[in-house]
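Novice: To start, I am sharing the structure in question, which I have written as structure tokens.
Computed from the coordinates by the stated procedures, all read-outs in this text should not be read as laboratory data. Just so it is clear, the model here is predicted, and its values are computed rather than measured. Quick reminder, even Gly has a Cβ in these numbers, built from the backbone with ideal geometry, and neighbours come from all protein chains shown.
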Amino acid sequence: MPLTTTRTILSAAALVFLTSGLGRAVSALPESQDQKSTVATPAQRGAYLVRAMGCNDCHTPWKLGPKGPEPDMSRELSGHPADLVMPPAPKLSGPWTWSGGVTNTAFAGPWGTSFTANLTPDAETGLGKWTAETFIAALRTGRHEGKGRPLLPPMPWPMIRTLTDEDLRAVFAYLQSLPPIRNRVPAPVDPEDQQ
Amino acid sequence: MTRQRASVACLALLLMAGRQQQPPLVAAPASHDAALPLHLAGTGLFAADGSGAIARENRPFSPQYPLWTDGASKRRWIHLPPGTTIDATNPRQWEFPVGTRLWKEFSFNGRPVETRLLWKASDAGWLAGSYVWNQEGVDAVLADSDGVAGAAEIAPGKQHNIPSRSDCAACHGEARRPLGFNPLQLSDDRDPNAIHGEPITADMVTLKTLFDETLLTGADPAMRRTPPRIAGDPLTRAVLGYMAGNCGACHNGDGQIAAELPSFSYPDVLSAGEIVRHLIGRPSRWQAKGRAEGTLLIDPASPESSAVLLRMSSRRPSSQMPPLGTLLQDREAIERIRRWIGNR
């Protein structure tokens, strides 16, 4: 890979976090100007909430677009790409405690390495077999399916759990309306296995 | 250097927000648990004479297949308001009368550490909370909704953690339903080989007690003549009973998990043959470390490679089973289940 390309990608990765908040605001802007049109159905309200809460920041792989890093909406909310096999996380020292991958879908820190989930309704690799109740339970408890392993950082479930049932159902309705994308996200890596 | 370490620790804690930080609930249903009394003494567990004895109207019981909690010894009681009955029409889910309370006391090294309460305070549902005992064992106070870390040492370097309210929901569901009070757990055809089986005493409530005292309505009368019993040889009976008590709260035929494992909840668990057929040689979706997807749930040719045993043996949050409530391996259960898999 040419050095310039490598640098560009690295710059893009670094920019991802810096721009994600801005990207969130920009992507939500058109809808927030016309609330009525965004809340007509649960799925439409869910779409609004997904954009406003920045779900795409981590659950949609990022790419380098003409204006800089941006979510690759052709893979909307499909989680960490299975074909992007991550090498062991870099060793950090001093005040550096965590790191993120170039697609903004893989994160390493004291919790190990976490990969963002496929939220599309693919039956085998996404939320296709989930119900709204399962989805709500997961976000209320911070556990997979509301009863399994803990959801790992940086998933901000303690914030999302404060949404009403109605809003969580709307988010789920929107996720279920997406085209299913087959993408089996890797299992998280325990801290003991990171090296 | 110390400052640097402190900064690292602070940042790590922030990044672990998913586990460590639980801001005040705004819309979560658990907020109604704030209605619980502040002290255990206010829940009606004890006699009014101040002796600390359990009130007579609170009846002890002991599920035949107890949940493993790192070796805690447990005592349990149920209170049914006078004149009320349990609606047992649906054997999968008994409906308890308003006013029902269940307590479970957890002790480590002979000291009570916490007493959990489920209280059906109204038709709206159950309240759930845990009361933390002081060192002297004379008072127990309602735990914070985030739980209490480090409540008691259970092994060198390991501390028992009192669960958060959201972890209560992980097992008991948002409805906070009782789990260990059902026909199989109270059956008078008690399994003498139950893993961690506890002695039963004459004053304990069993299924027969409930029938004799007409505390059930709508129950299948056949259960009185033939109390529930898991089919199969003694080891199969004990192993599936253990799974009913330790796995059946989640592996109950509901949700995506239903597609992965059979239901171990009552009454499904009584059909041992069906469950065993489902488990043997069936691939798991769980990805064991260093192995391709497809680890067999139980592999009689190699019990140690079975996903069931690997996950029971793990005590890492990402892979352990059950996923919460224990920090230590249940060695007795692991050994019995290893033997059972090898005999298949």
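Novice: Need at least 3 residues that are buried (at least 20 other Cβ atoms within 10 Å of the Cβ) per element, so show me which strands (runs of 3 or more DSSP E) inside the stretch B:85-154 make the cut, counting only ones lying wholly within it. Spell out the reasoning first.
Specialist: Values: elements: B:101-108, B:111-122, B:125-133, B:140-142.
Strands (runs of 3 or more DSSP E) meeting the threshold: B:101-108, B:111-122, B:125-133.
Novice: Just for the stretch A:160-176: of the residues that are under 30 Å from A:TRP98 (Cα atoms) and more than 7 Å from chain B (Cβ to nearest Cβ), which one is surrounded by the fewest Cβ atoms within 10 Å (Cβ to Cβ)? So that I can check it myself, show each step before the final result.
Specialist: In the first step, residues of the stretch A:160-176 are kept if they are under 30 Å from A:TRP98 (Cα atoms); the result is A:160-163, A:168, A:171-172, A:175.
Then keep just the ones that are more than 7 Å from chain B (Cβ to nearest Cβ); that gives A:160, A:168, A:171-172, A:175.
Values: A:ILE160: 19, A:LEU168: 23, A:VAL171: 26, A:PHE172: 24, A:LEU175: 24.
Taking the candidates together, the pick is A:ILE160.
Novice: Hey, among A:PRO156, A:PRO150, A:PRO180, A:PRO121, which residue is of a type outside the set (A, V, I, L, M) and more than 24 Å from A:MET73 (Cβ to Cβ)? Write out each step before concluding.
Specialist: Numbers: A:PRO156 fails: more than 24 Å from A:MET73 (Cβ to Cβ); A:PRO180 fails: more than 24 Å from A:MET73 (Cβ to Cβ); A:PRO121 fails: more than 24 Å from A:MET73 (Cβ to Cβ).
Residue meeting the stated conditions: A:PRO150.
Novice: Can you confirm whether B:GLY294 is over 24 Å from the mean Cα position of the chain (by Cα) and within 25 Å of B:GLY180 (Cα to Cα)? Write out each step before concluding.
Specialist: Details: over 24 Å from the mean Cα position of the chain (by Cα): yes; within 25 Å of B:GLY180 (Cα to Cα): no.
Here the answer is no, as B:GLY294 does not meet what is asked.
Novice: Still on this model: Among the residues of the stretch B:233-262, which ones are within 14 Å of chain A (Cβ to nearest Cβ) and in a loop (DSSP other than H, G, I, E, B)? Can you show your working first?
Specialist: Of the residues in the stretch B:233-262, the ones within 14 Å of chain A (Cβ to nearest Cβ) are B:246-261.
Those that are within 14 Å of chain A (Cβ to nearest Cβ) and in a loop (DSSP other than H, G, I, E, B): B:CYS247, B:GLY248, B:ALA249, B:CYS250, B:HIS251, B:ASN252, B:GLY253, B:ASP254, B:GLY255, B:GLN256, B:LEU261.
Novice: Inspect all residues belonging to the stretch A:112-128 and state whether any of them is surrounded by fewer than 19 Cβ atoms within 10 Å (Cβ to Cβ) and at the interface with another protein chain (Cβ under 7 Å from one of its Cβ atoms).
Specialist: No: zero hits.
Novice: Taking the condition of being part of a loop (DSSP other than H, G, I, E, B) and of a type outside the set (Val, Ile, Thr), how many residues in the stretch B:269-328 meet it? Give the steps one after another, and end with the answer.
Specialist: Just the residues of the stretch B:269-328 that are part of a loop (DSSP other than H, G, I, E, B), to begin with: B:271, B:281-282, B:284-295, B:297, B:299-302, B:306, B:314-328.
Those left that are additionally of a type outside the set (Val, Ile, Thr): B:271, B:281-282, B:284-294, B:297, B:299-302, B:306, B:314-325, B:327-328.
Residues in the stretch B:269-328 being part of a loop (DSSP other than H, G, I, E, B) and of a type outside the set (Val, Ile, Thr): 34 in total.
Novice: Does A:ARG184 satisfy the criteria of being at the interface with another protein chain (Cβ under 7 Å from one of its Cβ atoms) and either within 24 Å of B:PRO317 (Cβ to Cβ) or surrounded by fewer than 19 Cβ atoms within 10 Å (Cβ to Cβ) (or both)? Full working, then the answer.
Specialist: Working: at the interface with another protein chain (Cβ under 7 Å from one of its Cβ atoms): no; either within 24 Å of B:PRO317 (Cβ to Cβ) or surrounded by fewer than 19 Cβ atoms within 10 Å (Cβ to Cβ) (or both): yes.
The answer is no for A:ARG184.
Novice: From the list B:ALA288, B:ALA238, B:ALA244, B:ALA307, pick out the single residue that is touching a residue at least 40 places away in the same chain (Cβ under 8 Å), in contact with a Ser or Thr (Cβ under 9 Å, 6 or more places away or on another chain) and small (Gly, Ala, Ser). Outline the logic, then answer.
Specialist: Values: B:ALA288 fails: touching a residue at least 40 places away in the same chain (Cβ under 8 Å); B:ALA238 fails: in contact with a Ser or Thr (Cβ under 9 Å, 6 or more places away or on another chain); B:ALA307 fails: touching a residue at least 40 places away in the same chain (Cβ under 8 Å).
Just one listed residue meets the conditions, B:ALA244.
Novice: May I pose another question? Under the condition of being within 18 Å of the chain's Cα centre (by Cα) and not in a helix (DSSP H, G or I), which residue from the stretch B:329-344 is surrounded by the fewest Cβ atoms within 10 Å (Cβ to Cβ)?
Specialist: Restricting to residues being within 18 Å of the chain's Cα centre (by Cα) and not in a helix (DSSP H, G or I), the top hit is B:GLN329.
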